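Below: the structure, in structure tokens.
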Amino acid sequence: MLSLFKFSPLLSEEETQWLVDTFIWAFEHFDGEYFLSDTQIITPTPHFFPDPVSSIEEMAAVVFSRVKSYAGLQKWPIHLVSPAQVQTTHMAKLQVAGRWRGDQAVISEASTPIAVSYNPNQINQPQDLVASLAGVLAKVLILQRGVLPPGGQEQLDAASDVLAGFFGFGVMVSNTVYHFRGGCGSCYNQYANRQAALTEQQSIFVHALVCHFKGAKDGHKHLKPHLVGQFKKAKKQIKMMMDSSERIDLLALQEHVNARLS
């Protein structure tokens, strides 16, 4: 008998498989313990970004400091430079002792600190700025780790978006995939928009995965209105997936999470 109300998943089986594989890859290679104990769901609110600023440079520096800290990279010698100071140089390979993220991370000092920059056009679109910086830091960590994501080199940009979500920035990663032009053409600046490698649905699914394994109940808050329904659909798809999954890695992670939440 056909059902009029058969559940239609947010993503195809192939998309879901890659995102889940990449999430597990992120957990295994980028300090899953830090994810479980310290990662927060970062939102575009004064709670996470309370600092008053008075210039473009100050705003970029303050946002970068916050993003770096929330990602658990406060011990890493990664510095923000102005766009005019960007140079194409070989990134020093750093040595990591033990933990990769958080206050317990031990990172070797680089003779030349890793320099990253920002898009000054994004100053008036702070969510784009946050998501872009999170993606840049994610890519730095992937290159430092030296372990390519599922799918290899061609999936590096998409994996950087997944890792940015894994760091807790899924709300702003999802909110900045696509921008409506609105009614005022002069208010739309295409150069300020973040260059997303995942679709809205894929970004939302990653955010829902993070919320699931963090036990977050209000992950839909601060999403753009049209994304809330997608988030709820992703949550349902993930629950159905976990209820029927035979993947040892997923089930082990769920047991680990349950033990922490109990």
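Key figures for this structure:
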quantity	calculated
Residue list for the range 105-141, filter: hydroxyl-bearing (Ser, Thr, Tyr) and assigned to a helix (DSSP H, G or I)	132
Residue in the range 213-257 that is farthest from residue 34 (Cα to Cα), counting only those that are buried (at least 19 other Cβ atoms within 10 Å of the Cβ) and among the basic types (Lys, Arg)	233
Subset of the range 94-138 that is among the β-branched types (Val, Ile, Thr) and in contact (Cβ under 8 Å) with a residue 60 or more places away in the chain - its residue that is surrounded by the fewest Cβ atoms within 10 Å (Cβ to Cβ)	123
Any hit, the range 221-238, residues being of a type outside the set (Lys, Arg) and in a loop (DSSP other than H, G, I, E, B)	yes
Cβ-Cβ under 7 Å pairs, at least 6 apart or on other chains, the range 31-60 side on the phi < 0 side of the Ramachandran plot and assigned to a loop (DSSP other than H, G, I, E, B), far side among the hydrophobic types (A, V, I, L, M, F, W, C) and open to solvent by 30 Å² or more (accessible area, probe 1.4 Å)	51/62; 53/59; 53/62
Considering residues of the range 107-130 that are among the hydrophobic types (A, V, I, L, M, F, W, C) and touching a strand residue (DSSP E or B) at 6+ places or on another chain (Cβ under 7 Å) only, the residue farthest from residue 161 (Cα to Cα)	107
Residue match in the range 44-51 (condition: touching a Ser or Thr at 6+ places or on another chain (Cβ under 8 Å) and open to solvent by less than 30 Å² (accessible area, probe 1.4 Å))	no
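The values are calculated or read from the model by the stated rules, or taken from the named source; none is laboratory data. The shown structure was predicted, so the numbers you read here are calculated from the model rather than taken from an experiment. So basically every Cβ, Gly included, is an ideal-geometry build from the backbone, and we count neighbours across all protein chains shown. What goes into the accessible areas is simple: the full protein's heavy atoms, side chains included, and nothing from ligands, DNA or RNA. Shrake-Rupley method; radii C 1.70, N 1.55, O 1.52, S 1.80 Å.
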